[in-house]
Every structure is written in structure tokens, then in C-alpha cells.
Amino acid sequence: MPAISPDKPYRVGRSRTGLGLFATKPIKKGAKIVRYFGPLLDCRKKKHDAIENKYLFELNNRWTIDGSVRKNIARYINHACKPNAESDVSARKRKVVIRAIKNIEPGEEINYDYGTDYFKAYLKPIGCKCAACEKKRKKKRAEARAEKVRLKAKAEKKALKKAEKQAAKAREELEQKQKQKLKQAAKQRLNGARSNGKLLNGHGGNVAAGQLIAAKPGIFAEPASTQGAEASASA
Ligand SMILES: [Zn+2]
């Protein structure tokens, strides 16, 4: 880590994305914190235009500061979507100063908005890890969890309703079967009483008796003829 004079109101420290710049003293809103500096690149020079790194700070369509040099402490400042500092750009002077836009307390990480181009190129693909975006993600995760719980409860309720419906249907079917059984039993009892009555009054009994009488000769006649044939065969 780079050596920083104890007079300065910041230090380099561990942040959630690696290293970051942290306040060591209260920094008043509007106060200049640190200058973003490095070699000036002229995009009209092929050699300059070919330089590519994450610390290029574009001043205008011609001049860019190459902030990748180690001495540029401002390069440790991380991006934030809701920052407590800003980059104060003077294209005419080709100078960039990081300035507080809020009162910053000791221990707070200092950050500024890197701008849309940087965000699109470097942060969007991996997901911005600034406090505001983490908070947003946390909220979304909590909402997703709550939605999952809600859907699960809904599914459970639906399953319970279905089971209740099935149980009611089964109960109804059973009741129906029992009713039918009772009906049949009652019918059988009634039939028995009726046939008894017939037997008693003689009408039903007469037919049955007549049938039996008619059948009897047949039953006896057959074996008689067979016997007769056997007898004639054996004779
Ligand atoms: Zn963010």
C-alpha cells in the first residue's frame, strides 16, 4: 500500500471490492480531497491513443489523464452510484480534483460516480458492488424470498384444499355406497317378506310347485331311458 502523509484526511484500506480510500478525519462538504493525476495522453498521438487501462480519465475528446501511476492516490477511490464525492474536472487546466459533496466522517469510504461509460464497460458486466447497488440487490433478494414464501404458502393452501375436496368426495362416495347397501338390504328384506306373503297366500307357491312337478318327470325319465339303453346293450 502506498505511503500517505498523516496530514492527509484519508488512508488506503480494504474495501468490499479490494482496496479503497477511507476518511481518517472529518471531511467537510465541498472540500477538495485529492487530485486525480497522471501523464496527459493526447489521443491525436497514436502511441497515446493505444494505451488502455481502467484508470484513464477522459478530460475532453482530445486529452485523457492516465491515472494508472502508483503515486495517483485518487485511483484507489472506488465508484459508487450514490457517492459522497465527485470528480471536479477542469478541462481547460487539464486538472481533475476529487471533492466531497457530503460531510464525510472518519472511517467512511470515499467514492465518486465514475460515469456512464465506465459503468457500462466495467461495472455492469460484473454487477456494481457499491453500497447503493448492494442495498438494492439485498432488497430484491428479500423480495424474491418473500415471493417464494408466498408462492409456497399458496401452493400448500391449494394442495390442502384439493385434499379436503378429495376427502369430501371419498366421504360422499362412501356414504352413497352405504346408502345403496342399506337400500339393497331393505329391498332384500322387503322381497323376502313379499315371497313369504306369496307362499302364505298360495299364489306364488302354486307356480313354483307346478314347475317342480313339471320338472320331476323329466329328471326321472332320462335316467330311466339310459338305464334302458344300458340294459339293452348289456343284454
Ligand atoms: Zn452501484
Q: Answer with yes or no whether V34 is in contact with a Pro (Cβ under 8 Å, 6 or more places away or on another chain) and either closer than 14 Å to A85 by Cβ or not in a loop (DSSP other than H, G, I, E, B) (or both).
A: no
**Q.** Condition check for I4: over 46 Å from the mean Cα position of the chain (by Cα) and either under 24 Å from N103 (Cα atoms) or touching a residue at least 60 places away in the same chain (Cβ under 8 Å) (or both)
**A.** yes
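If I filter segment 134-157 for residues that are of a type in the set (A, V, I, L, M) and in contact with a helix residue (DSSP H, G or I) (Cβ under 7 Å, 6 or more places away or on another chain), do I get at least one hit?
Residues of segment 134-157 that are of a type in the set (A, V, I, L, M), as a first pass: 142, 144, 146, 149, 151, 153, 155.
Still in the list and also in contact with a helix residue (DSSP H, G or I) (Cβ under 7 Å, 6 or more places away or on another chain): none.
Taking every residue of segment 134-157 in turn, none turns out to be of a type in the set (A, V, I, L, M) and in contact with a helix residue (DSSP H, G or I) (Cβ under 7 Å, 6 or more places away or on another chain).
To keep it simple, each residue is scored yes or no on (1) of a type in the set (S, T, Y); (2) closer than 24 Å to A121 by Cα; (3) modelled with pLDDT of 95 or more.
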{"site": "M1", "(1), (2), (3)": "no, no, no"}
{"site": "S5", "(1), (2), (3)": "yes, no, no"}
{"site": "P39", "(1), (2), (3)": "no, yes, yes"}
{"site": "Y55", "(1), (2), (3)": "yes, yes, no"}
{"site": "E58", "(1), (2), (3)": "no, yes, no"}
{"site": "S87", "(1), (2), (3)": "yes, yes, yes"}
{"site": "V97", "(1), (2), (3)": "no, yes, yes"}
{"site": "E105", "(1), (2), (3)": "no, no, yes"}
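State which residue is surrounded by the fewest Cβ atoms within 10 Å (Cβ to Cβ) when the search covers only segment 100-124 and only residues that are assigned to a loop (DSSP other than H, G, I, E, B) and more than 13 Å from the ligand (Cβ to nearest atom).
The initial filter retains those residues of segment 100-124 that are assigned to a loop (DSSP other than H, G, I, E, B), namely 101-103, 105-108, 113-115, 124.
Subset that is more than 13 Å from the ligand (Cβ to nearest atom): 101-103, 105-108.
On the way: I101: 15, K102: 15, N103: 14, E105: 11, P106: 13, G107: 9, E108: 16.
Looking at the filtered set, the residue picked out is G107.
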Q) Pick from segment 11-31 the residues that are more than 18 Å from S87 (Cα to Cα) and among the small types (G, A, S): which of them is surrounded by the fewest Cβ atoms within 10 Å (Cβ to Cβ)? A) G18
Q) more than 12 Å from the ligand (Cβ to nearest atom), surrounded by 15 or more Cβ atoms within 10 Å (Cβ to Cβ) and not in a loop (DSSP other than H, G, I, E, B): does that describe D88? A) yes
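The values are calculated or read from the model by the stated rules, or taken from the named source; none is laboratory data. All values reported here derive from a predicted model rather than from experimental measurement. Here the Cβ is made from the backbone with ideal geometry for all residues, glycine too, and neighbour counts use every protein chain on show.
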